[in-house]
Amino acid sequence: MNMKVLLKLILFVGMISLVGGKETSANGSLQAQINAVPAGGTLKIVAGTYQEQIVLNKPIVLEAENGTVLKACTSKPAITIKGKSVTVKGIQISSCKKDKSTAVIKMSGKNHHLEDVTLKMWKSGINLDKVEKTSFRNLRLTGNGKGNGFDLWDSHHNTFEGIKIEHVQDGFYLENSHNNTFTGNTISDSRYGLHVMFSDNITAIKNVSKRNYTGAMVMGTNHSVIAENQLLENNQNVNAQGLLLYDVHNSTVHHNRITDNRVGMFIEDSSGNEITDNEITANFVGAQINRIENNVITGNAFISNVNDFQATDGTDNTIQHNYWDAAMKLDIDGDGKSNLPHSADPFFLNLARETPPYQLFFQHPGMMLLQKMLKSPANMLVTDQEPLMKNELNSQRQSEQPETIFWGICLSMIFVSLLVIYFGRKRT
């Protein structure tokens, strides 16, 4: 056999092996690869686009390379997770307009973990049915306004952290789901950011809910904590609120920033709550309460609201030591509290509600004079007997600035001064 024939034979064998390799890769579906992984094992998905639905029902880790996309357009979820201890990382999932599934990801079981997952969905995103002790971290969900980002049904002790949700119906919808924690999430351009129904011991901390109809709607809960959240620009609807509390009991609402909403806080049929140290600014109505009892509302700052406070049928509530920028203040004994009580009068709000064009006269001197002459009934006035002289929340923020910034500025100024002196002397 001469050299030319030998080279042709080698080339032919190589081509056959390449073709055979392609066929083997194409025939191996993603589900087949998952089935081949033993319990406790890890499957690293090669980057590419996969058009199939997968089921994870054993404790494995599914870790996708950057650029891995799972497309789904059927009546089944793109990913179904069951059993215990399933981990999914790094995958992008995209559903189509004709998708008839109830959710892009459907979950049951416990001790699962989802991280760095991106969803683009036409309907609902992630459905949790009897899910426990599962964590979600660094997810991004983008919808079409037709379904919820997360649906929780009878699901308890789960954590949601660093999740960004936009253009959905409700960012998080909970029903009969207790002891769930939401930290550092952002929900925007949706109906409700957080929607809690008949779920106790809910913790929502350092979340941002903005440009929604309502930032957070909390109904039928006990012993929950809503703290350090930012509820901003939730004014896209005539019934919009930053925070709505209905049938809420023995819960804590503190250190939230509630700004530029139609109604900052709306509280109804609620009791035994501590509503403290919240910054309520630039809302049309700062706070509106109805049929509440035995609540403590103190240390809050009401600044630049069209109407600070409106109340009806409240009993045995403690409303004191708040800061009101509209209050007349006089501190005779130097204790930081004004000796002049401040009453929030909803006169202008009621007048504008009956005749909307009167809104054009907000803060007009004649309107302010009219309000002083024609006060609202006593039962509609909210009186703080000892309003704060200064906005303590603003003082706290200033004191919390890192000292390193201060010393950095000082050192920079010293360094610049030395340079000026050095070069000045050198020139002379």
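So here's what we get for this one:
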read-out: Residues with amide H under 5 Å from that of ILE187, placed H, sequence gap 5 or more; value: ILE165, VAL208, SER209, LYS210
read-out: Additional length obtainable on full extension of the chain from ASN294 to LYS44, 0.36 nm per residue less Cα span; value: 84.4 nm
read-out: Residues THR118 and HIS157, FRET efficiency given R0 of 30 Å [Cβ-Cβ distance, rounded to 0.05]; value: 0.75
read-out: Solvent-accessible area per residue, Å², over the range 141-281 with all protein chains present [probe radius 1.4 Å]; value: 34 Å²
read-out: Sparse-neighbour loop sites [GluC sites (Glu not before Pro); the range 261-304; at most 14 other C-beta within 10 Å; DSSP]; value: none
read-out: Protein accessible area in the range 215-283, 1.4 Å probe - carbon and sulfur %; value: 42 percent
read-out: Förster radius 35 Å - calculated FRET efficiency between ASP189 and GLN33, Cβ distance, rounded to 0.05; value: 0.40
read-out: Percent accessible area from carbon and sulfur atoms, the range 40-97, protein chains only, probe 1.4 Å; value: 46 percent
read-out: Additional length obtainable on full extension of the chain from VAL238 to HIS167, 0.36 nm per residue less Cα span; value: 23.7 nm
read-out: Exceeding the 31 Å Cα-Cα cut-off - candidates LYS71/LYS133; LYS106/LYS210; LYS84/LYS206; LYS106/LYS206; LYS206/LYS329; value: LYS206/LYS329
read-out: Theoretical FRET efficiency, 1/(1+(r/R0)^6), r = Cβ-Cβ of LYS84 and ALA282, R0 45 Å, to 0.05; value: 0.40
read-out: Radius ratio Rg over Rh of the range 179-260, counting only Cα atoms, Kirkwood formula for Rh; value: 0.94
read-out: Accessible heavy-atom area order of LYS133, LYS210, LYS98, LYS164, highest first, probe of 1.4 Å; value: LYS98, LYS133, LYS164, LYS210
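The values are calculated or read from the model by the stated rules, or taken from the named source; none is laboratory data. All figures in this text were calculated on a predicted structure; none of them were measured in a lab. Ideal geometry is used to build each Cβ from the backbone, glycine not excepted, and the neighbour counts take in all protein chains shown. The area values use the complete protein model at the heavy-atom level, side chains included, leaving out ligands, DNA and RNA. Shrake-Rupley method; radii C 1.70, N 1.55, O 1.52, S 1.80 Å.
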